[in-house]
Amino acid sequence: MENVRVVDLRSDTLTKPTHEMRQAMKDAKVGDDVMREDPSVNDLQKMVAEMLGKEAALFVPTGTMGNLSAVMAHCSGRGQEVLVGDQSHIFLNEQGGIAQFGGVQSWAVPTQRDGTLRIQDLEVRFRKNDFHCPRTSLVCLENTHNFCGGTVLPLDYLEKVSLFKKSHNIPLHMDGARLMNAAVALDVKPSVVVNAWTARDL
């Protein structure tokens, strides 16, 4: 048993960079990111924007920061509300950051076993014009869905969510930490998976 190699799949955050990865980091061309003069970051942002078919991309150091940035961009006023899955990473594992930093309330929608949120569940929770309640300003989904066993949201479901978005004129955010896995599983380009989404992180 001494030669048994254990592969730890608890989280991608347990991985360690190889020597070649560290060398690439050491050799990377760098510059002032605030002045938008870091060629490595600029190239990465341009590549991701093109890959996803979006106008622009922003590099941030963590997925949690990516989710927080997206929520705060769409919920610019305090006291707004986001519809999220009750098994989503944003709701369970990000220390309530959208409430702490953005003053944004989460309304947890029951997550189905396949990682989807039923459209009818979104409909009954959607609040727009009642001054007693926070205004629903964003819907967040996760793809692939971590706590649902890595399930991939089907393209026909994503189309239904897109129709919900259009009917309510509301932005969508996808926690796409595993977006590339979803694209591979669906055998489509990543841009197809996020076509209707206003924001996403990966």
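The values are calculated or read from the model by the stated rules, or taken from the named source; none is laboratory data. Quick caveat: nothing in here was measured; it's all calculated off a predicted structure. Cβ atoms come from the backbone with ideal geometry, glycine included; neighbour counts cover every protein chain shown.
Here are some notes:
- Failed condition for Pro110, given (1) surrounded by 13 or more Cβ atoms within 10 Å (Cβ to Cβ); (2) farther than 17 Å from Val194 by Cα; (3) modelled with pLDDT of 95 or more: (1)
Listed here are the residues, each with its yes/no results for (1) closer than 13 Å to Gly63 by Cα; (2) part of a loop (DSSP other than H, G, I, E, B); (3) modelled with pLDDT of 95 or more.
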site	(1), (2), (3)
Val161	no, no, yes
Phe164	no, no, yes
Ala177	yes, yes, no
Asn181	no, no, no
Val184	no, no, yes
Val192	no, no, no
Asn195	no, yes, no
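- Here Pro110 meets the list (1) closer than 25 Å to Gln45 by Cβ; (2) touching a residue at least 24 places away in the same chain (Cβ under 8 Å) almost entirely, failing just condition (1).
- Residue count for segment 119-134 under the criterion of being touching a Lys or Arg at 6+ places or on another chain (Cβ under 9 Å) and either surrounded by fewer than 17 Cβ atoms within 10 Å (Cβ to Cβ) or touching a residue at least 60 places away in the same chain (Cβ under 8 Å) (or both): the result is 5.
- Taken as a whole, the condition of being of a type in the set (Gly, Ala, Ser), surrounded by 10 or more Cβ atoms within 10 Å (Cβ to Cβ) and over 21 Å from the mean Cα position of the chain (by Cα) applies to Gly31.
- Check on Gln95, crowded, with 20+ Cβ neighbours inside 10 Å, more than 14 Å from His173 (Cβ to Cβ) and out of contact with any Lys or Arg (no Cβ under 8 Å at 6 or more places or on another chain): no
- Residue check for Leu158: without any contact (Cβ under 8 Å) to a residue 40 or more places away in the chain and buried (at least 20 other Cβ atoms within 10 Å of the Cβ): yes
- Within segment 53-68, the residues that satisfy the criterion of being in a loop (DSSP other than H, G, I, E, B) and surrounded by 13 or more Cβ atoms within 10 Å (Cβ to Cβ) are Lys54, Ala57, Leu58, Phe59, Val60.
- Contact map, segment 173-198: residues that are surrounded by fewer than 22 Cβ atoms within 10 Å (Cβ to Cβ) paired with residues that are hydroxyl-bearing (Ser, Thr, Tyr) and modelled with pLDDT of 90 or more, Cβ distance under 6 Å, separation 6+ or inter-chain. Pairs shown: Arg178/Thr144; Asn181/Thr144; Ala196/Ser162.
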